[in-house]
Amino acid sequence: MVKTLERVGDSHALVLDEPILKMLGVSRDTLLQLTISGGSLVVTPVNVGIGRAEIDAVFDELQPRYGETLRRLAE
C-alpha cells in the first residue's frame, strides 16, 4: 500500500484507514512509539498495560461491593 502525507494545519499527517488500525489492534487513543530504523519509520503501539475498556469493566465489577471504600480512598 502506498500512502501520501496530508496537510493538517501547519503539519503533515499519515492517515491510517480503519482496517489497518484493526489489523494492528490499535485505536485513535493508542499511544504509538515512533522510531527510525535503516531509513524507515517504525510505528509501534506502546504497551501501557490494560486499556481503558478493561479498567472500566473491572471498576464496574468492583463498584457494588467496594464502591464506598473506593470513594473514601479517592478523597
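Condition test on Arg72, is it open to solvent by 70 Å² or more (accessible area, probe 1.4 Å), in contact with a strand residue (DSSP E or B) (Cβ under 9 Å, 6 or more places away or on another chain) and not hydrophobic (A, V, I, L, M, F, W, C)?
Spelling it out, it is not the case that Arg72 is open to solvent by 70 Å² or more (accessible area, probe 1.4 Å), in contact with a strand residue (DSSP E or B) (Cβ under 9 Å, 6 or more places away or on another chain) and not hydrophobic (A, V, I, L, M, F, W, C).
Restricting the search to segment 10-43, which residues are out of contact with any Asp or Glu (no Cβ under 9 Å at 6 or more places or on another chain) and part of a loop (DSSP other than H, G, I, E, B)?
Of everything in segment 10-43, those that are out of contact with any Asp or Glu (no Cβ under 9 Å at 6 or more places or on another chain) and part of a loop (DSSP other than H, G, I, E, B) turn out to be Asp10, Leu16, Asp17, Gly25, Val26, Ser27, Arg28, Asp29, Thr30, Leu31, Gly38, Gly39.
Can you pull out the residues in segment 19-49 that are open to solvent by 90 Å² or more (accessible area, probe 1.4 Å) and in contact (Cβ under 8 Å) with a residue 12 or more places away in the chain?
Leu24, Asp29, Leu31, Gln33, Val48
Name the pairs whose Cβ atoms lie under 8 Å apart, with the first residue in segment 50-75 and over 28 Å from Arg28 (Cβ atoms), the second at pLDDT below 90 and basic (Lys, Arg), and 6 or more positions between them or separate chains?
none
Does Arg7 count as assigned to a helix (DSSP H, G or I) and basic (Lys, Arg)?
no
The values are calculated or read from the model by the stated rules, or taken from the named source; none is laboratory data. Values in this document were obtained by computation on a predicted structure and should not be read as measured data. As a convention, Cβ positions derive from the backbone with ideal geometry for all residues, glycine included, and neighbour counts pool all protein chains shown. Remember, those area values only see protein heavy atoms, side chains included, never the ligands or the DNA or RNA. Shrake-Rupley method; radii C 1.70, N 1.55, O 1.52, S 1.80 Å.
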